[in-house]
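In what follows, a single structure is set out as structure tokens and then discussed.
The values are calculated or read from the model by the stated rules, or taken from the named source; none is laboratory data. Values in this document were obtained by computation on a predicted structure and should not be read as measured data. Glycine also receives a Cβ, built like all others from the backbone with ideal geometry; neighbour counts cover every protein chain displayed. These area figures cover heavy atoms from the full protein model, side chains too; ligands, DNA and RNA do not enter into them. Shrake-Rupley method; radii C 1.70, N 1.55, O 1.52, S 1.80 Å.
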Amino acid sequence: MIRVLHVEDEILVHLLIKKNLIEVESDMEITCVNSGKDAIDLLAKESFDCVISDYQMPGINGLELLKILRKKKKRVPFIFLTGQGNEEIAAEAFRLGADDYFTKEEGFAHYERITNSINKQIRAHQEEFKRLKVENDLQMRQRQYSDLVETSHDLIFKCDDKGCFTYLNPAWEHTLGYREDEMLGHPFKEFKTPEQAEKDLMRFQSILKGQDTFGYETVYISKDGKPVNLLFNAKLLLDSEGNLIGTQGIAHDITVRKKIEGELRWYEYFVSNSKEMMALVDMDFSYLVVNEAYSSAFRKTQDELIGKKSSDIFGEVFFNTIVKPNAERCMAGKDVNYQEWFEFPKAKSKYMDITYIPYIVDNEVKGFMVNGRDITALKKTEERIKESEKKYRQVVETTNDLITRVDAEGKFLFINHMSEKILGLPPEKCIGLSAFEYIHPDDKENEKKIFAKWLAERVTDTSLESRWVNPNDGQIFNFMWSVNIQYDANGHFTGVNSIGRDITKLKLEEKELKKLLKLNQVILDAFPCVALLLRANQEIVASNLAAKEVGAYPGKKCFETWGQRSDPCPWCRAPIALSTQKKIHIPVEGLGKIWDTYWIPIEKDLYMHFAFDVTEQSLSEKQLERLNIELIEKSKEMEGFLYITSHDLRSPLITIEGFAKRLDYVLKKVKTLIGREEIPPSLMKEFENLFMENMKESVEYINSCVKKMNNLLNALSEMSRIGRIPITITDVDMNRLITKIKQTYEFQLQTTGATLKIEELPSCKGDKKQIDQVFSNLLGNALKYLNPKRKGFIAVSGKIVNDKAIYCVEDNGIGIPPNLHTRIFEPFHRVRPTEGIGEGLGLAIVHKIIMKHGGMTWVESKPDKGSKFFFSLPIE
Ligand code: ADP
């Protein structure tokens, strides 16, 4: 069906034309519009095979309609059918693109022509349409291809037969960095290394000979000098006549692939050679990949493990308690890390650091990757470090040193327990406080400067003596600080670690020592001898005043100065003293004098030398010795004399005593005779007076004198006996001895009502019998000289002082005036000669016995208060 649009303002004309046209061509449908505008509107909505238009119409005329349609590129056939056409309009119509031109004539043949024209125009239009369509399609395809080529990531090229580029798509610039104009017309060999170019030219020749190339790998060098791997497909390029004009082809940038291949190889190498255990496990805990380290740990080959379940390898229990829970957390999308002891076949258990990482493909977890590292050694080291850290802590927490760490301002970052003692605060309260606050006010500013200087000069290790003050009690501490200043890798300050040793005592000792040294020097200087400190080569190190007086100054040789010789003195014993390390003490005659000399080794190379001038002393010593001998002889003489007198006086005394007794007898006889009557009473009275009173009294006097003399003689003879008998020294248990002595005084104690207190006594060395006598005499005196007005109290005590035992007998008796404290130890000295019984020899005997033992006697006493008698005895 041919659809025709008829544009005609006269409806009757339209109907006529329609009737005539359909009569000729029944397969035609004619639609009528009565204006140009309606025609344009309808053509916009519907398609028609042909437009037949009148020329003369109200509004837009036929030519204007055609013009509009053609402008709108409406390719529909356009035929004019006008009432009053002329050649001008016809020419204009054809110029504007009309396809035919008819006038409205009568007659069937006319309509036949029009119908034929319609059919012809429609056909022509259809053919034109087809042609245009083919052309359009072709153009389209060409554009598509060219778009493809232009936007392709692959590198597309054409070359002439010399190998110069004739076409390059933009991918070349993108890949190699050269602009199109920098490559076009240039031979490809310019863009590669000479070796590669040589290889590629050979390939190019073979393409020219008709050999197609697929998958040829070559390397271009990009504009910035980097190698670019390309994979080439290329073949001959012929013109339309089949003449060879070059080659064409496509290349693919495989640099990344190459790199990945390389990396993959590296990864494979790394994974298979890694000492760490690596595995890839799927969601069902089956191994997908394991490396050598992994499989060999389980004594299996990689193939044996792949496909196996991890529970088979670890055992159900370990798998369910350790592996599975961790793996499940990982497969929930988290990286998991844990450390655990693992048992491996035929190996000691190992402490492993295990990491599970989710294995994600296309955003989906497909399993997990395992990485296992043996950190047994690390663990053990860690434990050792922990242990040593613990020890370190113990040291820090128990040391008596003050340990601190301070920042750049001197504020405490750390302080150990010693803070309590030094700062008066527990460690935690000290953090942040400034250490400078505790430095002695006199030193603070100076020490701040020193601290700043350390930091400025980048000092690392140093030391410092510093005085600190405890703010609570003002106690001053002297510290010797070992300081270590720390910096990080970039040289930035990080902190100051210090250990402070309390040298307060040392300081005092040092002070004392200095004093002592000074004192020593003073003493040495005051010493009436030459005192030298010398080296083995006899060089003087130090000397005293007396030495300096003879020129013996430090640095000089001993023999050259006071030895007054050019070579070592012949009597010098220094070499022997140094080699034997023993003191040598000998008298030396030299320089016209007698010297008492000492060589005292101090160290291997150091000794002291003393030389005392004893010339005079040795002379007087000789005199003394002589006097001593004389004294001993005199003393012996005295003792002999004493013995003889006491012995010889005894016999006349006995005679006197005998005659006195006889006289007494005679008197008694006379008494009986006087009673007789033959004696006159006057005489009787006289006799009685003479015999019974005068004579009796005389005889009594004689008797008492004899008794007294007898006592004196006994005491003298005892004195002489003690002087003569030798002493037998043994260990004396004084406690036993005093207990025995006490028993002999028991009666006297009871009668006087006095108390005797005996303390624990030290033992000593001596003659038991004689010491017994000493105690007896002293106790006897203590009892004898008690004050009758008060209750008597006696005490015996003793103690060791140095190498002597000192004993004391104390009483609260009448006491002794101070002027007689020494005299009472002399024979016959009595404080009150007429009072009480005694010969004044008891203390003399005590003194003599003690002197013979090498001891001493003395008394401390106050009249009417009491006395303390002391004596000392050796303990060795
Ligand atoms: P004697 O006791 O026989 O007189 P001594 O030699 O024992 O002789 O003592 C000398 C003197 O020292 C005594 O006469 C006495 O005056 C005095 N004397 C000794 N012991 C004591 C004593 N414990 N208290 C007071 N006087 C003492």
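Working only within segment 327-364, note down all residues that are surrounded by fewer than 17 Cβ atoms within 10 Å (Cβ to Cβ) and in a helix (DSSP H, G or I).
Glu328, Arg329
To keep it simple, each residue is scored yes or no on (1) at pLDDT 90 or above; (2) over 18 Å from Gln121 (Cα atoms); (3) outside any loop (DSSP other than H, G, I, E, B).
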{"position": "Leu5", "(1), (2), (3)": "yes, no, yes"}
{"position": "Glu23", "(1), (2), (3)": "no, yes, yes"}
{"position": "Cys32", "(1), (2), (3)": "yes, yes, yes"}
{"position": "Gly59", "(1), (2), (3)": "no, yes, no"}
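Could you tell me how many of the residues in segment 365-402 are among the polar types (S, T, N, Q) and in a helix (DSSP H, G or I)?
Residues flagged as among the polar types (S, T, N, Q) and in a helix (DSSP H, G or I) within segment 365-402 amount to 5.
List pairs: first residue in segment 429-449 and touching a residue at least 12 places away in the same chain (Cβ under 8 Å), second residue of a type in the set (Ser, Thr, Tyr) and surrounded by 15 or more Cβ atoms within 10 Å (Cβ to Cβ) anywhere in the structure, Cβ distance under 9 angstrom, at least six positions apart or on different chains.
Between residues of segment 429-449 that are touching a residue at least 12 places away in the same chain (Cβ under 8 Å) and residues that are of a type in the set (Ser, Thr, Tyr) and surrounded by 15 or more Cβ atoms within 10 Å (Cβ to Cβ), the close pairs are Cys430/Thr404; Cys430/Ser419; Ala435/Thr404; Ala435/Ser498; Ile439/Ser466; His440/Ser466; Asp443/Ser466; Glu447/Ser466.
Thr672 - would you say it is open to solvent by 50 Å² or more (accessible area, probe 1.4 Å), of a type in the set (Val, Ile, Thr) and assigned to a helix (DSSP H, G or I)? Before the answer, list the steps.
Values: open to solvent by 50 Å² or more (accessible area, probe 1.4 Å): yes; of a type in the set (Val, Ile, Thr): yes; assigned to a helix (DSSP H, G or I): yes.
Here the answer is yes, as Thr672 does meet what is asked.
Could you please give the count of residues in segment 312-344 that are among the β-branched types (Val, Ile, Thr) and closer than 27 Å to Glu382 by Cα?
Within segment 312-344, residues that are among the β-branched types (Val, Ile, Thr) and closer than 27 Å to Glu382 by Cα number 4.
How many of the residues in segment 53-85 are among the β-branched types (Val, Ile, Thr), open to solvent by 10 Å² or more (accessible area, probe 1.4 Å) and under 22 Å from Asn119 (Cβ atoms)?
1
Which pairs turn up if I take residues in segment 859-876 that are within 19 Å of Asn819 (Cα to Cα) and small (Gly, Ala, Ser) and look for partners that are at pLDDT 95 or above and more than 9 Å from the ligand (Cβ to nearest atom) with beta carbon separation below 6 Å, at least 6 apart in sequence or on another chain?
Gly866/Asn812
Is there a residue in segment 443-457 that is part of a loop (DSSP other than H, G, I, E, B), touching a strand residue (DSSP E or B) at 6+ places or on another chain (Cβ under 8 Å) and among the hydrophobic types (A, V, I, L, M, F, W, C)?
No, because not a single residue in segment 443-457 is part of a loop (DSSP other than H, G, I, E, B), touching a strand residue (DSSP E or B) at 6+ places or on another chain (Cβ under 8 Å) and among the hydrophobic types (A, V, I, L, M, F, W, C).
Quick one: how many residues across segment 777-822 are near the ligand (Cβ under 9 Å from one of its atoms) and either surrounded by fewer than 13 Cβ atoms within 10 Å (Cβ to Cβ) or within 60 Å of the chain's Cα centre (by Cα) (or both)?
Going through segment 777-822 one residue at a time, the tally reaches 0.
Could you give me the residue pairs with C-beta distances under 7 Å whose first residue belongs to segment 768-789 and is of a type in the set (Lys, Arg), whose second residue is open to solvent by less than 40 Å² (accessible area, probe 1.4 Å) wherever it lies, and which are 6+ apart or on separate chains?
Lys768/Val732; Lys768/Leu737
For segment 735-770, name all the residues that are open to solvent by less than 60 Å² (accessible area, probe 1.4 Å) and of a type in the set (Phe, Trp, Tyr).
Tyr745
Within segment 218-226, is there a residue that is more than 60 Å from the chain's Cα centre (by Cα) and over 19 Å from Lys189 (Cβ atoms)?
The answer is no; no qualifying residue exists.
Being in contact (Cβ under 8 Å) with a residue 40 or more places away in the chain, part of a helix (DSSP H, G or I) and over 60 Å from the mean Cα position of the chain (by Cα) narrows it down to one of Val13, Val51, so name that one. Before you say what the answer is, go through the steps one by one.
Working: Val51 fails: part of a helix (DSSP H, G or I).
Residue meeting the stated conditions: Val13.
Considering Ile849, Ile794, Ile814, which residue is closer than 25 Å to Lys757 by Cα, in contact (Cβ under 8 Å) with a residue 60 or more places away in the chain and among the β-branched types (Val, Ile, Thr)?
Details: Ile794 fails: in contact (Cβ under 8 Å) with a residue 60 or more places away in the chain; Ile814 fails: in contact (Cβ under 8 Å) with a residue 60 or more places away in the chain.
Only one candidate qualifies: Ile849.
Pick out the one residue from Asn490, Asn472 that is in contact (Cβ under 8 Å) with a residue 40 or more places away in the chain, farther than 25 Å from Tyr392 by Cα and loosely packed, with under 12 Cβ neighbours inside 10 Å. Quick ask: steps written out before the conclusion?
Working: Asn490 fails: in contact (Cβ under 8 Å) with a residue 40 or more places away in the chain.
Answer to the selection: Asn472.
Going residue by residue through segment 514-531, is there one that turns out to be under 19 Å from Gly590 (Cα atoms), of a type outside the set (S, T, N, Q) and either touching a Cys at 6+ places or on another chain (Cβ under 6 Å) or open to solvent by 20 Å² or more (accessible area, probe 1.4 Å) (or both)? Give the derivation first.
First, pick out the residues of segment 514-531 that are under 19 Å from Gly590 (Cα atoms): 528-531.
Then keep just the ones that are of a type outside the set (S, T, N, Q); that gives 528-531.
Subset that is either touching a Cys at 6+ places or on another chain (Cβ under 6 Å) or open to solvent by 20 Å² or more (accessible area, probe 1.4 Å) (or both): 528.
Yes - at least one qualifying residue is present in segment 514-531.
For segment 532-558: of the residues being of a type outside the set (Val, Ile, Thr), assigned to a strand (DSSP E or B) and more than 25 Å from Glu616 (Cα to Cα), which is most open to solvent (accessible area, probe 1.4 Å)? If you could, list the steps in order and put the result at the bottom.
Of all residues in segment 532-558, those of a type outside the set (Val, Ile, Thr) come to 532-539, 542-549, 551-558.
Going one step further and asking which of them are assigned to a strand (DSSP E or B), we end up with 532-535, 539, 542-543, 557.
If we keep only those that are more than 25 Å from Glu616 (Cα to Cα) too, we end up with 533-535, 539, 542, 557.
Working: Leu533: 39, Leu534: 0, Arg535: 94, Glu539: 63, Ala542: 38, Lys557: 65 Å².
My answer is Arg535.
Report whether or not Ile600 is part of a strand (DSSP E or B), in contact with a helix residue (DSSP H, G or I) (Cβ under 6 Å, 6 or more places away or on another chain) and either touching a residue at least 24 places away in the same chain (Cβ under 8 Å) or not polar (S, T, N, Q) (or both).
Considered against the rule, which asks whether it is part of a strand (DSSP E or B), in contact with a helix residue (DSSP H, G or I) (Cβ under 6 Å, 6 or more places away or on another chain) and either touching a residue at least 24 places away in the same chain (Cβ under 8 Å) or not polar (S, T, N, Q) (or both), Ile600 comes out as no.
Scan segment 543-571 and report the pairs whose first residue is closer than 11 Å to Leu532 by Cβ and whose second residue is of a type in the set (D, E, K, R) and part of a helix (DSSP H, G or I), with Cβ atoms within less than 7 Å and a gap of 6+ or a chain change.
Listed by first residue and then by second, the contacts come to Asn544/Asp525.
Quick check: is even one residue across segment 145-155 farther than 24 Å from Pro77 by Cβ, surrounded by 16 or more Cβ atoms within 10 Å (Cβ to Cβ) and either over 60 Å from the mean Cα position of the chain (by Cα) or not charged (D, E, K, R) (or both)?
Yes, some residue in segment 145-155 is farther than 24 Å from Pro77 by Cβ, surrounded by 16 or more Cβ atoms within 10 Å (Cβ to Cβ) and either over 60 Å from the mean Cα position of the chain (by Cα) or not charged (D, E, K, R) (or both).
Is it the case, given these coordinates, that Lys449 is open to solvent by less than 50 Å² (accessible area, probe 1.4 Å) and of a type in the set (Lys, Arg)?
Spelling it out, it is not the case that Lys449 is open to solvent by less than 50 Å² (accessible area, probe 1.4 Å) and of a type in the set (Lys, Arg).
Condition check ((1) more than 8 Å from the ligand (Cβ to nearest atom); (2) buried (at least 21 other Cβ atoms within 10 Å of the Cβ)) across all residues:
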{"position": "Arg832", "(1), (2)": "no, no"}
{"position": "Ile837", "(1), (2)": "no, no"}
{"position": "Ile849", "(1), (2)": "yes, yes"}
{"position": "Gly855", "(1), (2)": "yes, yes"}
{"position": "Lys865", "(1), (2)": "yes, no"}
{"position": "Lys868", "(1), (2)": "yes, no"}
{"position": "Phe871", "(1), (2)": "yes, yes"}
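So that you can scan it fast, the table gives a plain yes or no per residue for (1) of a type in the set (Ser, Thr, Tyr); (2) touching a strand residue (DSSP E or B) at 6+ places or on another chain (Cβ under 7 Å); (3) more than 22 Å from Tyr487 (Cβ to Cβ); (4) open to solvent by less than 20 Å² (accessible area, probe 1.4 Å):
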{"position": "Phe412", "(1), (2), (3), (4)": "no, yes, no, yes"}
{"position": "Ile415", "(1), (2), (3), (4)": "no, yes, no, yes"}
{"position": "Pro426", "(1), (2), (3), (4)": "no, no, yes, no"}
{"position": "Lys429", "(1), (2), (3), (4)": "no, no, yes, no"}
{"position": "Tyr438", "(1), (2), (3), (4)": "yes, yes, yes, no"}
{"position": "Pro441", "(1), (2), (3), (4)": "no, no, yes, no"}
{"position": "Val459", "(1), (2), (3), (4)": "no, yes, no, no"}
{"position": "Ser463", "(1), (2), (3), (4)": "yes, yes, no, no"}
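Go through Asn819, Asn787 for me and flag whichever is over 16 Å from Glu860 (Cα atoms) and at pLDDT below 95. Walk me through how you get there before you give the answer.
Values: Asn819 fails: over 16 Å from Glu860 (Cα atoms).
Result of the check over Asn819, Asn787: Asn787.
Inspect all residues belonging to segment 704-724 and state whether any of them is more than 16 Å from the ligand (Cβ to nearest atom), part of a strand (DSSP E or B) and more than 28 Å from Asn812 (Cβ to Cβ).
Checked segment 704-724: no residue is more than 16 Å from the ligand (Cβ to nearest atom), part of a strand (DSSP E or B) and more than 28 Å from Asn812 (Cβ to Cβ).
Quick one: count up the residues across segment 574-592 that are open to solvent by less than 80 Å² (accessible area, probe 1.4 Å) and charged (D, E, K, R).
Result for segment 574-592: 0.
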